[in-house]
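The values are calculated or read from the model by the stated rules, or taken from the named source; none is laboratory data. Bear in mind the structure is a predicted one, so any value in this text is a computation, not a measurement. Because the Cβ atoms are built from the backbone with ideal geometry, glycine has one as well, and the counts that use them run over all protein chains shown. Calculation scope for accessible area: heavy atoms of the full protein, side chains included, ligands and nucleic acids excluded. Shrake-Rupley method; radii C 1.70, N 1.55, O 1.52, S 1.80 Å.
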Amino acid sequence: SHCSVMVSKIPEADRIKFKYQGSNIHLPPGLESTIFLHCPEILKHLKGLGFGDFDCESIYLISKPPRSPSCYWHQDWSYWDDPVSARIFPSQIFIAFYLEDTDIKNGCLRVIPGSHLNRNKLHGQIGYAHSDQTYYANEDSVLFKDTKDAIPIKLKAGDMAIFDTRILHSTYPNDSDYVRNGLFL
């Protein structure tokens with residue numbers, strides 16, 4: 001399908017860099033508008049949660065290959081020096097839509113509840129997300145360790161999950177024989 005064509009065009013250097021996440025393909029600007037137009041319930045849900053006007057910063061296709069490792073523990077929030085970081089209501093969210101059913105076997109997301117508001121022991125151990133330290137980390141690093149605090153986010157194809165970008169999250173490895181695709185806004 002369209003996903004496999006896009007993934008086949010990824011340069012080898014990017015395949016190595018993003019081996020833990022998956023493809024991490026930045027999709028063209030404006031695609032999120034198409035998604036919102038075709039799925040007006042998304043906007044309805046966001047408004048129901050207290051999100052009025054908002055901007056979609058980016059949209060990615062993350063295609064996690066079969067038999068691929070877990071993604072490292074991280075947070076996607078970049079503004080820790082800003083006082084807005086201490087607010088209870090999120091200043092930035094990400095929305096996940098999986099194109100296949102996801103569970104632990106094929107590498108679903110896992111989160112540490114409350115880690116967006118309260119310090120967790122991993123905060124002091126994982127370093128800065130989305131850096132060479134994480135992209136090229138050794139798989140025996142603390143970045144990949146299981147923690148009893150984590151819960152899996154199992155979704156059906158087409159389900160939507162909304163996350164505060166401050167929450168600690170990672171994925172399980174994709175131990176299946178099939179690719180796991182998701183759109184992340």
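Lys-Lys pairs in the chain that are eight or more residues apart or on separate chains and whose Cα atoms lie under 22 Å of each other come to 21.
Using only the C-alpha atoms, the convex hull of the range 14-121 corresponds to 156 Å³ per residue. Among the trypsin sites (Lys or Arg not before Pro) in the range 31-84, those placed in a DSSP loop whose Cβ has at most 16 other Cβ atoms within 10 Å are Arg67. Computed over protein heavy atoms with a 1.4 angstrom probe, the accessible surface ordering of Trp80, Trp73, largest first, is Trp80, Trp73. Within a Cβ distance under 12 Å of Gly158, other residues only, what is the Lys/Arg minus Asp/Glu net charge? Taking every Cβ under 12 Å from that of Gly158, the sum is -3.
Hydrodynamic estimate: the Kirkwood radius of the chain over Cα pairs, inserted into Stokes-Einstein at 20 °C and 1.002 mPa s, corresponds to D of 125 µm²/s. Surface exposure of the chain, expressed per residue as accessible area with a 1.4 Å probe, stands at 56 Å². Other residues whose C-beta falls under 12 angstrom from the C-beta of Asp76 contribute a net charge of -1, scoring Lys and Arg +1 and Asp and Glu -1.
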